[in-house]
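The values are calculated or read from the model by the stated rules, or taken from the named source; none is laboratory data. Note that the coordinates shown come from a computational prediction; the quantities given were computed from them, not determined experimentally. Glycine gets a Cβ as well: all are built from the backbone with ideal geometry, and neighbour counts include every protein chain shown. Accessible surface is based on the protein model in full, side chains and every heavy atom, while ligands, DNA and RNA are left aside. Shrake-Rupley method; radii C 1.70, N 1.55, O 1.52, S 1.80 Å.
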Amino acid sequence: MEKRVVFRSAWLPYALVAPQIAITLVFFFWPAAQAVWYSLHLQDAFGLKVQFVGLANFATLFKDSNYLASFKVTALFSVLVAFFGIAISLLLATMADRVLRGAMAYKTLLIWPYAVAPAVAGVLWAFIFAPSIGILTYILKGWGVDWNWIIKGDQAMLLVVIAAVWKQISYNFLFFLAGLQSIPKSLIEAAAIDGASPFRRFWTIVFPLLSPTTFFLLVVNIVYAFFDTFGVIDATTQGGPGQSTNILVYKVYHDGVKAADLGGSSAQSVILMFIVIVLTVAQFRFIERKVQY
Amino acid sequence: MIPRICFAWLLALAAGSASAQQEIRFWHAMGGALGEELNAFVQRFNESQREFRVVTEHKGSYEDTLIVALAAQREGTGPHLVQVYEVGTALMMAPRRAVRPVWQVLSEGGEAIDAKAFLPAVASYFSDNSGKLLALPFNISTPILFYNRDAFRRAGLDPDKPPRTWYEFPKVIEALKDAGVSCGYTTTWPSWVLLENTSTWHNQDFATRDNGLGGLDAKLVFNTHLMVRHVAMLSSWARATYFTYSGRRVEGEARFLKGECALLTAASSSAAELRRSAGFDFGEAQLPYYDDIKGAPHHSLIGGGALWVLAGAKAAEYRGVAKFLAFLAKPEMQAEWHQKTGYVPVTRAAYELTRNSGFYAKRPGQEFAIQQLLLNSPTRESRGIRLGDFQKIRLIIDEELEKVWDGTKPPKLALDDAAERGNVLLRRFEADHRAGAEPETPARTLRRAHRK
């Protein structure tokens, strides 16, 4: 069953995709090429003096134990964000799917956070959890929890994960809800008649049928955790305390923009680009096989 | 890419509107009350003559201002004048062609500002090796101690007797805690106040080669006995909640303002904000020191900003810049700036002027900062700290200190690691700027200016 649209004109299809291609070239390929060029050069902050240094920028990076530590932080962060982002929104979507009355209101409220910019989400949570004035800090203090993410690394990590997840839940929720609604009710009803418990129905019918959606969201969420969470980090912990929330993309920003080290920062972004390419390819090659479309 | 296009646009618009008067673009980092004061100064200059018009633009924090100026300069659309904080000094000095030395701009513009008119610690920091001013010191501050006088009274302490040395701190904090104060002591800018100033205040090296003023081959040596002791003591205070870490910048101010912390070390320029927002009586005092260290207190370290002239503009424009700088450097302007903002008067004349006007009789607290800077004449160890990649070194120090406050790293190890990591950056900066040194820059500057 082929569903291909056939154009009779030779140039029309190209003309139609041209704007998208142009945008991709200008905003993705060109900067990427520039990053590669910069990563092989060393230059001062004013750009007066540029010298070719080959792979020296990369060599410096891999000798830096803190750069290597940043990998671990990023891995932990993205796994946490992707896992909780997907798990929580799946739970919410299944709940919302069952609601009959006021479903629209629930859905709208759940989708709302997606409209919030990452930096705003970060500031919001930073306020709620602020060490001396936050509302939740106050409550936690009442429970005897010493909440101070300004010096406690694990708490800072928790804070940025919460903010990043909260922001992404809406997006995941939308896709899961659409996925759930496309599952034929008859399948579930048949299982129910056969006496399968709701839990069992979910795991043997709903979840496998959702796997394409879950897989897609896994890729998107990992990429989100790698790149788009920059705003959350910058607005809250700025990579600290110590380096406990210094994820790779934040380090790129800090070294390149704040510390004016263009070569080192470009080398980092080239590595980052490479990681994301590898991750995405790996996801499609290995995980996609297990996905049932 | 987009911001660059926007810049070009803005500049095109700005250029279009300037027809008769020559415009001087001045980018600065002064927000809020400070920005208003600065704009008032600029307006007075603009009204004082007809030939030039200074157009100011607030570019955000010091960091942001520097970033934006560098980015614009790379595109050839930088401002004439930019305010750079002390951390960026080495960055501005290293590539000579990017910056036009202030002494040169002034002499070509027929204006004269004598470097000797400035306070020694200030002038030497912004001068080249022959003692000529590279940038105009403008908003200079130094850390002092702020304390909550109301809390002192509640705790039965004498509000006129703040702790003078670090050894007097525990007793004071103990009394404050008994009276219900929850955090005792906190600070702003931890690296600047707790490490950099502690070395200068006790006349000790922060880095070799005169803290980097003598050459690019400087090495960080702040992991000394004194510093390890200082950080170890603070870390034990942190465990006992005598000391509370608030953050890498001015977050400590908010804690102090809330009445949570009764003692705060912060830049003298914090005074303006504290005076505006504090709902209690607070006092200023000299920065605490260790009285068992010989020669202490020596004098404290400067921080804050200077005005740098960027290269690439026309001679006629530089004449306007020279006029404006000369205007700002006038003693009466400097004195007014000091009195209104809490920055220190950067010239002796401005200090004299303020003192003779009886200002300090009304506001004794505002004299501590300048007194601290003049306490002793600068020595090799105390003229200032000027290091390549200092922004990054500060970050490293902040990170390592945070590990100490968290209890995950012993103080000595953290300081050793900070110095080691910082030295890697310094070597890299040295290599970058020596390999392709511009012809007019001697590869090594061995002689330093001898000051009397």
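Within the option set B:Gly279, B:Gly283, being part of a loop (DSSP other than H, G, I, E, B) and surrounded by fewer than 23 Cβ atoms within 10 Å (Cβ to Cβ) holds for one residue only, B:Gly279. Confirm whether B:Leu426 is open to solvent by 30 Å² or more (accessible area, probe 1.4 Å) and modelled with pLDDT under 95. Spelling it out, it is not the case that B:Leu426 is open to solvent by 30 Å² or more (accessible area, probe 1.4 Å) and modelled with pLDDT under 95.
Residues that are part of a helix (DSSP H, G or I), closer than 30 Å to B:Leu257 by Cβ and not aliphatic (A, V, I, L, M) within region A:87-136 comprise A:Pro118, A:Gly122, A:Trp125, A:Phe127, listed in sequence order. Considered as a group, the residues in region A:132-144 that are more than 10 Å from chain B (Cβ to nearest Cβ) and touching a helix residue (DSSP H, G or I) at 6+ places or on another chain (Cβ under 9 Å) include one that is most open to solvent (accessible area, probe 1.4 Å), and that residue is A:Ile135.
For B:Glu251, the stated conditions do not hold, so it cannot be described as open to solvent by 50 Å² or more (accessible area, probe 1.4 Å), away from every other protein chain (no Cβ under 14 Å) and touching a residue at least 60 places away in the same chain (Cβ under 8 Å). Name the single residue, out of those in region B:89-108 being over 23 Å from the mean Cα position of the chain (by Cα) and open to solvent by 20 Å² or more (accessible area, probe 1.4 Å), that is nearest to the other protein chains (Cβ to nearest Cβ). Among those that are over 23 Å from the mean Cα position of the chain (by Cα) and open to solvent by 20 Å² or more (accessible area, probe 1.4 Å), it is B:Arg97. Would a scan of region A:65-79 turn up a residue that is among the aromatic types (Phe, Trp, Tyr) and away from every other protein chain (no Cβ under 13 Å)? Yes, some residue in region A:65-79 is among the aromatic types (Phe, Trp, Tyr) and away from every other protein chain (no Cβ under 13 Å).
No other residue among A:Gly256, A:Gly263 is assigned to a helix (DSSP H, G or I), open to solvent by less than 30 Å² (accessible area, probe 1.4 Å) and touching a strand residue (DSSP E or B) at 6+ places or on another chain (Cβ under 8 Å) apart from A:Gly263. Just a yes or no: is a residue in region B:394-407 at pLDDT 90 or above, more than 9 Å from every other protein chain (Cβ to nearest Cβ) and touching a strand residue (DSSP E or B) at 6+ places or on another chain (Cβ under 8 Å)? No - not one qualifying residue is present in region B:394-407.
Take B:Gly78 and tell me if it is part of a loop (DSSP other than H, G, I, E, B) and away from chain A (no Cβ under 14 Å). Let's see the steps before the verdict.
Details: part of a loop (DSSP other than H, G, I, E, B): yes; away from chain A (no Cβ under 14 Å): no.
So B:Gly78 does not fit the description; no.
Scanning region B:367-393 for residues that are open to solvent by 10 Å² or more (accessible area, probe 1.4 Å) and within 14 Å of another protein chain (Cβ to nearest Cβ) yields B:Asp389, B:Gln391, B:Lys392.
Residues checked against (1) under 18 Å from the mean Cα position of the chain (by Cα); (2) under 25 Å from B:Gly252 (Cα atoms):
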position: A:Gly142; (1), (2): no, yes
position: A:Ala178; (1), (2): no, no
position: A:Leu187; (1), (2): no, no
position: A:Ala196; (1), (2): no, no
position: A:Thr213; (1), (2): yes, no
position: A:Leu218; (1), (2): yes, no
position: A:Ala225; (1), (2): yes, no
position: A:Asp234; (1), (2): yes, yes
position: A:Thr237; (1), (2): yes, yes
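Anything in region A:41-52 that is open to solvent by 40 Å² or more (accessible area, probe 1.4 Å) and facing chain B (nearest Cβ under 10 Å)? List them, or say none. Hits for region A:41-52 are A:Leu48, A:Val50, A:Gln51. Summed over region B:213-229, the residues that are modelled with pLDDT of 90 or more, within 22 Å of the chain's Cα centre (by Cα) and either open to solvent by less than 40 Å² (accessible area, probe 1.4 Å) or assigned by TED's automatic domain parsing to the domain that holds B:Met93 (or both) give a count of 4. A residue that is under 23 Å from B:Leu134 (Cα atoms), assigned by TED's automatic domain parsing to the domain that holds B:Ala335 and at pLDDT below 90 occurs somewhere in region B:45-61.
Would you check if A:Phe77 is within 16 Å of A:Ser266 (Cα to Cα), among the aromatic types (Phe, Trp, Tyr), in contact (Cβ under 8 Å) with a residue 40 or more places away in the chain and surrounded by 12 or more Cβ atoms within 10 Å (Cβ to Cβ)? Taking the combined requirement at face value, the residue does not satisfy it.
Checking the conditions here, which among A:Trp149, A:Trp125, A:Trp112 is at negative phi, of a type in the set (Phe, Trp, Tyr) and either open to solvent by less than 20 Å² (accessible area, probe 1.4 Å) or within 11 Å of chain B (Cβ to nearest Cβ) (or both)?
A:Trp149 is the lone residue from the list that is at negative phi, of a type in the set (Phe, Trp, Tyr) and either open to solvent by less than 20 Å² (accessible area, probe 1.4 Å) or within 11 Å of chain B (Cβ to nearest Cβ) (or both).
Within region B:338-348, being open to solvent by 50 Å² or more (accessible area, probe 1.4 Å) and either closer than 9 Å to B:Phe118 by Cα or out of contact with any helix residue (DSSP H, G or I) (no Cβ under 6 Å at 6 or more places or on another chain) (or both) holds for one residue alone: B:Arg348. Selection over region B:59-75 of residues that are closer than 19 Å to B:Pro137 by Cα, in contact (Cβ under 8 Å) with a residue 40 or more places away in the chain and more than 10 Å from chain A (Cβ to nearest Cβ) gives a count of 1.
Entry remark, region A:1-15: residues being loosely packed, with under 11 Cβ neighbours inside 10 Å and assigned to a helix (DSSP H, G or I) number 2 in total.
So that you can scan it fast, the table gives a plain yes or no per residue for (1) open to solvent by 70 Å² or more (accessible area, probe 1.4 Å); (2) assigned by TED's automatic domain parsing to the domain that holds B:Val84; (3) farther than 12 Å from B:Pro288 by Cβ:
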residue: B:Arg149; (1), (2), (3): no, no, yes
residue: B:Arg153; (1), (2), (3): yes, no, yes
residue: B:Pro159; (1), (2), (3): no, no, yes
residue: B:Pro162; (1), (2), (3): no, no, no
residue: B:Trp166; (1), (2), (3): no, no, no
residue: B:Phe169; (1), (2), (3): no, no, no
residue: B:Val172; (1), (2), (3): no, no, no
residue: B:Lys177; (1), (2), (3): no, no, yes
residue: B:Gly184; (1), (2), (3): no, no, yes
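Here the condition is being modelled with pLDDT of 90 or more and within 14 Å of another protein chain (Cβ to nearest Cβ); of B:Leu195, B:Leu234, it holds for B:Leu234 alone. Looking at region B:287-302, is at least one residue outside the structural domain of B:Gly365 (by TED's automatic domain parsing), of a type in the set (Asp, Glu), assigned to a strand (DSSP E or B) and open to solvent by 10 Å² or more (accessible area, probe 1.4 Å)? There is no residue in region B:287-302 that is outside the structural domain of B:Gly365 (by TED's automatic domain parsing), of a type in the set (Asp, Glu), assigned to a strand (DSSP E or B) and open to solvent by 10 Å² or more (accessible area, probe 1.4 Å). For region A:224-249, the set of residues classified as farther than 18 Å from B:Ile397 by Cα, within 14 Å of another protein chain (Cβ to nearest Cβ) and not aliphatic (A, V, I, L, M) consists of A:Asp234, A:Thr236, listed by residue number.
The residues of region B:109-131 that are open to solvent by less than 10 Å² (accessible area, probe 1.4 Å), out of contact with any Gly (no Cβ under 7 Å at 6 or more places or on another chain) and either without any contact (Cβ under 8 Å) to a residue 60 or more places away in the chain or within 18 Å of B:Gln334 (Cα to Cα) (or both), listed by number, are B:Phe118, B:Leu119, B:Val122, B:Ala123, B:Phe126.
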